[in-house]
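Step one of this worksheet: look at the structure below.
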Amino acid sequence: MEESRDYEEFLHKLLLLEIDEKDKRGVECRISNAKFPYRKYLDDIDVRYLPEGMQKKLPEPSTLHL
């Protein structure tokens with residue numbers, strides 16, 4: 001019985017890893033299909049050149065608490 005439970009746990013972990021990898025590949029595929037000229041990150045933005053309202057709002061997306 002213990003062996004069966006261990007195998008089910010193994011399969012569960014394996015499926016979770018597969019789901020994570022599929023999600024990552026999906027994101028990469030969508031980015032690739034978007035044909036962006038290059039990757040740009042929030043850290044790359046020079047806040048000094050943004051309007052004042054955007055300067056205050058910029059930290060919010062970086063926390064991912066939208």
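The values are calculated or read from the model by the stated rules, or taken from the named source; none is laboratory data. Values in this document were obtained by computation on a predicted structure and should not be read as measured data. Positions of Cβ are backbone-derived with ideal geometry, glycine not excepted, and every protein chain shown enters the neighbour counts.
Scanning for something outside any helix (DSSP H, G or I) and either on the phi > 0 side of the Ramachandran plot or basic (Lys, Arg) (or both), does region 11-34 turn up at least one residue? The answer is no, given that none of the residues of region 11-34 is outside any helix (DSSP H, G or I) and either on the phi > 0 side of the Ramachandran plot or basic (Lys, Arg) (or both). Please go through region 33-66 and give me each residue that is among the polar types (S, T, N, Q) and either loosely packed, with under 10 Cβ neighbours inside 10 Å or within 16 Å of the chain's Cα centre (by Cα) (or both), ordered by number. ASN33, SER62, THR63 - these are the residues of region 33-66 that are among the polar types (S, T, N, Q) and either loosely packed, with under 10 Cβ neighbours inside 10 Å or within 16 Å of the chain's Cα centre (by Cα) (or both).
The set of residues in region 35-66 that are modelled with pLDDT of 80 or more, on the phi < 0 side of the Ramachandran plot and not in a helix (DSSP H, G or I) comprises PHE36, PRO37, TYR38, ARG39, LYS40, TYR41, ILE45, ASP46, LEU50, PRO51. Touching a Ser or Thr at 6+ places or on another chain (Cβ under 9 Å) and surrounded by 10 or more Cβ atoms within 10 Å (Cβ to Cβ): is that true of LEU16 in this structure? The answer is no for LEU16.
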